[in-house]
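Asks: Before I ask anything, here is the structure I am working with.
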Amino acid sequence: MYQRRYLCWFMPPVSDRGLTRTPLEASGSHSKSSKKAWFAVYTAPRHEKFVQAQLIAKQIQSFLPLYTVVRRWRNRVQREIQYPLLPGYVFVCLEPGEWLPVLQTSGVVYIVGNGSSPSPLDDHEMYVLRVGAQRASLMPHPFLCTGDMVCIRSGPFRGVNGYVERDGGDLSFVVSIQLIQRSFAIRVQACDLELAG
């Protein structure tokens, strides 16, 4: 007898993101009103969407940033496929000590930390990632740690620091998440940037 198994993918509603505050408001009031923080969860290879679906089923607030690529097969069929922006990582918002349900989730390898306990992500970096996933065209980028630091001076990313790189004729603003050593890029205009001091 053959046994068939079916998987259902469920993505979180867009309204769950709650991104109406500025980065300073988000980082300041978040730490005062609650003890919840964002953590990076490392998953088994190509299990990000599966882990995300399980976390949602457990009613654990999670976030999986995706980007879209148009693929063309030999038979000339084109499809838009969504890939994880930061492969191998899903982000969860938890209070300290609530890690067990996450660690018991199938496909989760560990929560990123210092070896003895999970380390929370910087609120500002998480805010930029969440706003970028909702309002901008994000793409993966190799991790950067050197170069000129710039600051965005207008728009939804005002006050965000990162690095600039030229990609053909476009400028890409690269934001690095230090804890997991991953980066993502946002397309920007040169007039929106100034040298960070």
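Asks: Charges at C-beta only: +1 for Lys and Arg, -1 for Asp and Glu. How large is the resulting dipole of the range 21-195 about its Cα centre, in Debye rounded to 20?
Replies: Charge dipole, the range 21-195, about its Cα centre: 740 debye, nearest 20.
Asks: Another question, then. Go ahead and run the numbers for FRET between Ala196 and Glu80, Cβ-Cβ distance against an R0 of 41 Å, rounding to 0.05.
Replies: My answer for the efficiency is 0.70.
Asks: Residues in the range 89-129 near a label at Gln189, defined as backbone nitrogen under 11 Å from the 7 Å Cα→Cβ point?
Replies: Of the residues in the range 89-129, none has backbone N under 11 Å from the label point off Gln189.
Asks: Which of the trypsin sites (Lys or Arg not before Pro) found in the range 94-197 are in a DSSP loop and have at most 15 neighbouring Cβ atoms, other than their own, within 10 Å?
Replies: Listed in order of number, the matching sites are Arg153, Arg158.
Asks: If you don't mind, another one. Within a 10 angstrom radius of the beta carbon, how do Ile81, Ile60 rank from fewest other beta carbons to most?
Replies: Ile81, Ile60
Asks: Arrange Cys93, Cys191 by Cβ neighbour counts within 10 Å, fewest through most, would you?
Replies: Sorted ascending by nearby Cβ count, the order is Cys191, Cys93.
Asks: Right, here's the next one. By count of other Cβ within 10 Å, fewest leading, how are His141, His124 ordered?
Replies: Ranked by crowding around the Cβ, least crowded first: His124, His141.
Asks: What spacing in nm lies between the two simple spin-label points modelled at Gln104 and Ala57, each 7 Å away from Cα in the Cβ direction?
Replies: For Gln104 paired with Ala57, the spin-label model returns 1.4 nm.
Asks: For the range 94-197, what mean projected area does the convex hull of the alpha carbons give, in nm²?
Replies: Averaged projected hull area, Cα only: 8.3 nm².
Asks: On full extension of the chain, what length is gained from Gln181 through Glu165, given 0.36 nm per residue of separation minus the C-alpha to C-alpha distance?
Replies: 4.0 nm
Here, each number is a calculation from the coordinates, and none is a lab measurement. Worth saying up front: this structure is predicted, and the values here are computed from it rather than measured. Methodologically, a virtual Cβ is constructed for each residue, glycine included, from the backbone with ideal geometry; neighbour enumeration extends over all protein chains shown.
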